[in-house]
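Structure, as structure tokens:
The values are calculated or read from the model by the stated rules, or taken from the named source; none is laboratory data. Given the structure is predicted, the values throughout are model-derived calculations rather than measurements. Note: ideal-geometry Cβ built from the backbone for every residue, glycine included; neighbour counts use all protein chains shown.
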Amino acid sequence: MLPATVSQAQYTDYMHTEAFVEIAKILGLSTLLSIVGRKLQQPMIIMFLAAGIVAGPAVFGFIESYEEIELLAHIGISLLLFIVGLKLDVKLIKTTGPVAFATGVGQILFTSAIGFGLALLMGMDAISAAYVAVAMTFSSTIIIVKLLSDKREIDSLHGQIAIGFLIVQDIAAILALVLLTSLGEATAEASILSTIGMVVLKSVGLICFIALLMRFVLPWVTRKLAESQELLVLFSIAWAVSLGAGCETLGFSKEVGAFLAGVSLASTSYRESIGSRLTSLRDFLLLFFFIDLGARLDLSMAADQFGDALVLSLFVLVGNPVIVLVIMGLMGYRKRTSFLAGLTVAQISEFSLIVAALGLGLGHIADTTMGLVTLVGVITIFASTYLILYSSKLYSWLSSALSVFERDNPYRELALDQGTTMNRIDMIVMGLDNYGSELADFLVRRGKNIIGVDFDPARLETWHERGVQVRYGDIGDPETLSHLPLESAQWVVCTVSSSDLTEALLHHLQVLKFQGKVAVTAGNAQRASEYEAMGVAAVLRPYADAAEHAADALAYAMELLPDTSSWPVAIREIRIGSDSAVAGKRVAELHLRQETGASILAVSRGGEVNYAVTADQQLFPGDRIVVIGNAEQLWHAEAMFERLQSGGRNVGQGQMFDLAEIRIDESSDKVGQTLAELRFKQEFGVSVVGIRRDEHNIANPGATEKICAGDCLFVIGAKADVDHLRNRYSS
């Protein structure tokens, strides 16, 4: 406690110290609970809310600096919605705009009507029932965006639709707050109508103002500031917070302003750079939002209303998703997309608590009604977090029952599948993120016919514009596989390293009796070994492959480059791709010196560097060639090495490998001979890779292994050689 007589400066310093100590306690408590939650495999959001409840009046009650915490929370919310706005693709408005508007408005109308009826049945008066109905209507944009971001589903179709109708809800919430405020400030009908009319005029003016900035000002400003990443990020934060403050001055919410700030920068080429640099700051500041929300939950008044709260919570948790399922199903979306989008409305929002608090302040509702809304908020926020985090497993359990919500022809979602089905499909590439897109690009360059599958409509549009057939879907969804032409595909390639999704894909392919080969992606050696044991045909190791290429470049190529040179020449390392036109040729066949003026200094292959390159040396894919010449000569040399083979690098049928089984009869003169004596490699050009003897399999048998009567030999080699051997032993 401070003495009775203290100066204003001393009092201010004391309050700042107390606030700092409180925040330190909050961060410490949040860290401890998060560690416990991680051990128990609980969502971080739940632990943050729990930290707020523990630190608030319900338990320890050491939080007093509500204003400081609330300020940090609002900045975090603003950054969150700013980043959401940055990710908004204007092209998607054409596809998701109608369903977002229809679902948002439809859900508001049905939820408020049903909620009003339930409240009346509980014995509430009409005013209290109306407030409860409105509170049940709104869902938490902040919580949903955070969860979808953590699951990397913001860019998915259901994520984009959910964000759309959540924004519709936020607009409705703002209008509701304006209307309630008008009711409190004026009773004349003309005054209320004029207030609403003013809101509409302000909205139109704000949108026009931002549109002009997007067209004439912001592109020039960001281009100038992009010379410094730090300055660009600082400007972005200032722009988000400033527009949020401006919107609040106009009578809107700061969250809407921050979202519009993100949208205004979404059309620039710097949005990815800005968003990636703000993610960590956003996550830290959002901690204070959940702390503030948990600390303000006063459960003492709601203890006697648990039964009513449970009924209303069940309506929000089950009824709201069902309403979305019905609307989206009627509009032509598949049941999975509708279900995942519907789960995002299975909780009430912080706006709900604000509306209830405003009604309490205006004297429209009693403390008991406020306590009821608060308890429903606690229950639904906790429960819906788990529903969204485990949405895929939940869908797999309910998939059959949800078919009633899907039309026979989900035409809107089918419209995302673009391209004509080919007679022969080399590969179906599941996942077109960074690694998947690079892989698909190289496959297309090699002349392969592929189908790309992803849940991001923007990625699908990009690949469709390149002439590649695409399908909308999720790797873990069996419905996606059932709509793919698996009977025509030779390979299914999974580029996602998630073990859960990969195992689900392998299971679904087995159920569908896929006859082709499967390739999966592993993040580490242990996972790769597990997939190989499961019988997959190929395991991709993107990190290991990239690391090996990088190590080659750093360990060998750089040793060849001199530190200093006064000669007007340069040295460049060029890697030969497997689809390069020079792959397989001898150095003499390149005519490099005659055509470009550059010369080969060395060739690095498999960690060995050959400094004495001869004209007869053959070049292979993966070789690193060190070339010397002036800038123009090196440019022409690089173009020569990177030139692709005409028509892609398709393997001719005569060069393909084949596998055959050769059975040794009891009367065969091969019985008793060793593999070395049979001379399969020397006479036929094939290798024996396995022997099946009775019920036993011998893998990679040695040269001294003797052949027994009844053995079945597995041989591999070029198709022509295997055919020759097969004909020899069948005659």
* Looking at region 470-501, which of the residues that are of a type in the set (S, T, N, Q) and buried (at least 20 other Cβ atoms within 10 Å of the Cβ) is nearest to the chain's Cα centre (by Cα)? -> Thr495
* Residue among Lys94, Lys87 that is at pLDDT below 80 and within 30 Å of Ala238 (Cβ to Cβ) -> Lys87
* Look through Thr369, Thr385 and report the one residue that is within 28 Å of the chain's Cα centre (by Cα) and either crowded, with 22+ Cβ neighbours inside 10 Å or at positive phi (or both). => Thr385
* Inspect region 688-698 for any residue being in contact with a Gly (Cβ under 7 Å, 6 or more places away or on another chain) and modelled with pLDDT of 80 or more and give the result as yes or no. => yes
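What tally of residues in region 356-366 results from selecting those that are surrounded by fewer than 24 Cβ atoms within 10 Å (Cβ to Cβ) and either hydroxyl-bearing (Ser, Thr, Tyr) or at negative phi (or both)? Before the answer, list the steps.
Keep residues of region 356-366 that are surrounded by fewer than 24 Cβ atoms within 10 Å (Cβ to Cβ), which gives 357-358, 360-364, 366.
In the following step, the residues that additionally are either hydroxyl-bearing (Ser, Thr, Tyr) or at negative phi (or both) were identified as 357-358, 360-362, 364, 366.
Total satisfying the criteria: 7.
If we keep just the residues of region 142-155 that are modelled with pLDDT under 80 and not in a loop (DSSP other than H, G, I, E, B), which is surrounded by the fewest Cβ atoms within 10 Å (Cβ to Cβ)? I'd like the intermediate steps shown before the answer.
Going residue by residue through region 142-155, those that are modelled with pLDDT under 80 are 142-143, 145-146, 149-155.
Still in the running and not in a loop (DSSP other than H, G, I, E, B): 142-143, 145-146, 149-150.
On the way: Ile142: 22, Ile143: 23, Val145: 24, Lys146: 24, Ser149: 19, Asp150: 15.
Taking the candidates together, the pick is Asp150.
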* Within the group Leu179, Leu175, which residue is under 23 Å from Val84 (Cα atoms), part of a helix (DSSP H, G or I) and either touching a Phe, Trp or Tyr at 6+ places or on another chain (Cβ under 8 Å) or modelled with pLDDT under 85 (or both)? -> Leu175
* Output the number of residues of region 686-731 satisfying the condition of being part of a helix (DSSP H, G or I) and in contact (Cβ under 8 Å) with a residue 60 or more places away in the chain. => 7
* Asked: For Leu206, which of the numbered conditions (1) more than 13 Å from Ala261 (Cβ to Cβ); (2) at pLDDT below 85 fails to hold?
  -> (1)
* To do: Please tell me if His508 is touching a Pro at 6+ places or on another chain (Cβ under 6 Å) and closer than 26 Å to Ile154 by Cβ.
  => yes
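Consider Leu505 carefully, then state whether it is in contact (Cβ under 8 Å) with a residue 40 or more places away in the chain, within 22 Å of the chain's Cα centre (by Cα) and more than 29 Å from Arg334 (Cα to Cα).
For Leu505, the condition - in contact (Cβ under 8 Å) with a residue 40 or more places away in the chain, within 22 Å of the chain's Cα centre (by Cα) and more than 29 Å from Arg334 (Cα to Cα) - is not met.
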* To do: Could you please find all residues in region 114-141 being in a helix (DSSP H, G or I) and closer than 25 Å to Thr337 by Cβ?
  => Ile114, Met136, Thr137, Thr141
* Structure fact -> Inside region 482-532, the number of residues satisfying the requirement of being under 21 Å from Leu443 (Cα atoms), of a type in the set (A, V, I, L, M, F, W, C) and out of contact with any Gly (no Cβ under 8 Å at 6 or more places or on another chain) is 5
* Asked: Is it the case that some residue within region 380-389 is modelled with pLDDT under 80, over 20 Å from Gly164 (Cα atoms), among the small types (Gly, Ala, Ser) and in a helix (DSSP H, G or I)?
  -> no
* Asked: Hey, among the residues in region 99-118 that are touching a residue at least 24 places away in the same chain (Cβ under 8 Å) and small (Gly, Ala, Ser), which one's nearest to Gln160 (Cα to Cα)?
  -> Ala100
* To do: Return a yes/no flag: does region 124-141 have any residue that is assigned by TED's automatic domain parsing to the domain that holds Leu340, surrounded by 21 or more Cβ atoms within 10 Å (Cβ to Cβ), under 17 Å from Ile83 (Cα atoms) and at pLDDT below 85.
  => yes
* Asked: Which residue pairs have Cβ atoms closer than 6 Å, lie 6 or more positions apart in sequence or on different chains, and pair a first residue in region 296-312 that is under 22 Å from Ile63 (Cα atoms) and assigned to a loop (DSSP other than H, G, I, E, B) with a second residue that is at pLDDT below 85 and not small (Gly, Ala, Ser)?
  -> Leu297/Thr374; Leu297/Val378
* To do: Consider Leu330 carefully, then state whether it is crowded, with 24+ Cβ neighbours inside 10 Å and at pLDDT 85 or above.
  => no
* Among the residues of region 458-469, how many are surrounded by fewer than 23 Cβ atoms within 10 Å (Cβ to Cβ) and assigned to a helix (DSSP H, G or I)? -> 6
* **Subset of region 426-449 that is acidic (Asp, Glu) and touching a residue at least 12 places away in the same chain (Cβ under 8 Å) - its residue that is surrounded by the fewest Cβ atoms within 10 Å (Cβ to Cβ)** => Asp433
* To do: Give region 609-659 a look and list any residue that's part of a helix (DSSP H, G or I), modelled with pLDDT of 75 or more and among the aliphatic types (A, V, I, L, M), or say none.
  => Leu634, Ala637, Ala639, Met640
